[in-house]
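Rule-based calculations on the coordinates, nothing more; no lab input. Everything quoted here is computed from the prediction, not taken from an experiment. Ideal geometry is used to build each Cβ from the backbone, glycine not excepted, and the neighbour counts take in all protein chains shown.
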Amino acid sequence: MRLVIGTRPEAIKLAPVAHALAARGLPPSLILTGQHPGLEPGDFGLSAFDAVRLGCPGEDNPHRHVQAVSSAFLPQLADSPDLIVVQGDTSSALGASLAAFTAGVPVAHVEAGLRTHDPSLPWPEEEYRTAIDRDADLLFAPTVSAASNLRKEQVAGQIHVTGNSGIDAVLAAEAQLPPPSLRERSQPLILVTCHRRESWGEAIESIAAAIAELADFAEIQFVLHPNPALAERLRRLLVSVRNVWLLGPQTHAELLRLMRDADLVLSDSGGIQEEAPALGVPLLVLRDKTERPEGIAAGTARLVGTDPARILREARAILADPVAAAAMRRRCFPYGDGRAGVRIAAIIEEWLERRGRLSPLSAPPALSSGR
């Protein structure tokens, strides 16, 4: 069995799956596509697993990267592995899936069924995850809503509701964080991240304008994306603004600590939409549409887009109203309970056994419901 990892979020979310599989005597090997440069398995607790590097760095044209990954991965499937496991909606995940489909190797998709129902938002992710789901054999939907999307599309594979393995990773990392600082702050603290492609154009200008105004009454910690062009553009827009601290890329644990200690988070990140409710931090989602509506429905996040006036209005409303802030500042788990990896491993084990690859073993936990 092989787990495909191209980006840091994939490594974070597949690590709990890898360890749960190993605990059942099914240690996977890793396929590192190279999409995010410098990604090392040891940084994500995966050093014990064998790994093959494909050497396919990310490209400005994601479709070209899909083709590169697919071509590089196809020879790795000559021995017909039992299963390929991909996560999310990256070009690495789609490229590996297409190679597996071509070779007749079964595919399991972790975090299946997320939809905005708009192929342009986000692009190309909506297109990529839909394409993976269409032909995957096992579809691990993080929520009931995601599973419902898959059933409406009448996908052929088995659908299981497992929770999101990203919550497994959050809870494990949070347990290792130092306690919060007891320092009194004269101003509220806002954490901002922004990295999605649809934010790279005029939206960045709008977000920066909102941040500049928010800095009049709040401290802002802005975590810059590793993309050098995007980071430099944000520096030009914000470096001279008082109360704005421009931070370099953070490790997962560092970002969780910043999020936990903030009064409010502004982000366009899918992962942060999952993590903020689990940490009990109010979140404003800097997108017009989201494939993760559960946090909005739970009342811990609000979808605000990139209009500066709306961002400013919503942020002020939360920070100025203790009742509104308290309603959003509560820990809740709309995306899972921290045991997704265990459920996914159990389902895979049973699926392999039914295919005659394993001796009879126990059935998966009750939360998982097949199609």
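Using θ = phi - 60° in the Karplus curve 6.51 cos²θ - 1.76 cosθ + 1.60, the 3J(HN,Hα) couplings for segment 176-182 round to 9, 6, x, x, x, 5, 9 Hz; x is entered for Gly and Pro.
If I take R0 = 22 Å and measure r between the Cβ atoms of Val239 and Ala51 in this structure, what FRET efficiency does the formula 1/(1 + (r/R0)^6) give, to the nearest 0.05? Walk me through the numbers on the way to the answer.
Values: r = 39 Å, r/R0 = 1.76.
FRET efficiency, Val239 to Ala51: 0.05.
Computed over segment 35-119, the P(r) tail beyond 18 angstrom holds 50 percent of alpha carbon pairs.
Over the Cα atoms of segment 181-328, the radius of gyration divided by the Kirkwood radius equals 0.92; this is the Rg/Rh ratio.
So which trypsin sites (Lys or Arg not before Pro) in segment 194-262 are both in a DSSP loop and have at most 11 other Cβ atoms within 10 Å of their Cβ?
Details: sites: Arg196, Arg197, Arg233, Arg235, Arg236, Arg242, Arg257, Arg260; in loops: Arg196, Arg242.
Those that pass, being in a loop and sparsely packed, are Arg242.
Placing a pseudo-label 7 Å from each Cα along the Cα-to-Cβ vector at Leu182 and Ser29 gives an inter-label distance of 5.3 nm. Distance from the C-alpha centroid of segment 218-260 to that of segment 286-329: 20 Å, rounded to the whole angstrom. Inverting the pair-averaged 1/r between distinct Cα atoms of the chain gives 21.1 Å as its Kirkwood hydrodynamic radius.
Rounded, prolate or oblate: pick one for segment 1-76, where a ≥ b ≥ c are the square roots of the eigenvalues of its C-alpha gyration tensor, a/c under 1.5 means rounded, and failing that, prolate if a/b is larger than b/c, else oblate. Cα axes put segment 1-76 in the prolate bin.
Rounded to the nearest 500, what is the 222 nm mean residue ellipticity of the chain from helices alone, with -39500 (n - 2.57) per DSSP H run of 4+ residues and division by all residues?
Values: 14 runs with 156 residues, N = 371.
The helix-only estimate for the chain comes to -13000 deg cm²/dmol at 222 nm.
Around the amide H of Arg287, modelled in the peptide plane, lie the amide H atoms of Val304, Gly305, all under 5 Å away and 5 or more residues distant in sequence or on another chain.
Computing FRET efficiency as 1/(1 + (r/R0)^6) for Asp216 and Arg355, where r is the C-beta to C-beta distance and R0 is 51 Å, gives about 0.25.
Where Rh is the Kirkwood radius over the Cα pairs of segment 157-217, the temperature 4 °C and the viscosity 1.567 mPa s, what D in µm²/s does Stokes-Einstein return? Estimated diffusion coefficient is 81 µm²/s. Taking a point 7 Å from the Cα of Ala229 along the Cα-to-Cβ direction, the residues of segment 44-65 with backbone N closer than 19 Å to it are 57-65.
For the chain, the longest principal axis of the C-alpha atoms and the axis of helix 228-238 are separated by about 20°.
Shown in residue order for segment 269-283 are the 3J(HN,Hα) couplings computed by the Karplus curve 6.51 cos²θ - 1.76 cosθ + 1.60 at θ = phi - 60°: 7, x, x, 5, 4, 7, 7, 4, x, 5, 8, x, 10, x, 9 Hz (x for Gly and Pro). For the pair Asp82 and His63, label points projected 7 Å from Cα toward Cβ lie 3.8 nm apart. From the alpha carbon centroid of segment 41-108 to that of segment 126-190 is 20 Å.
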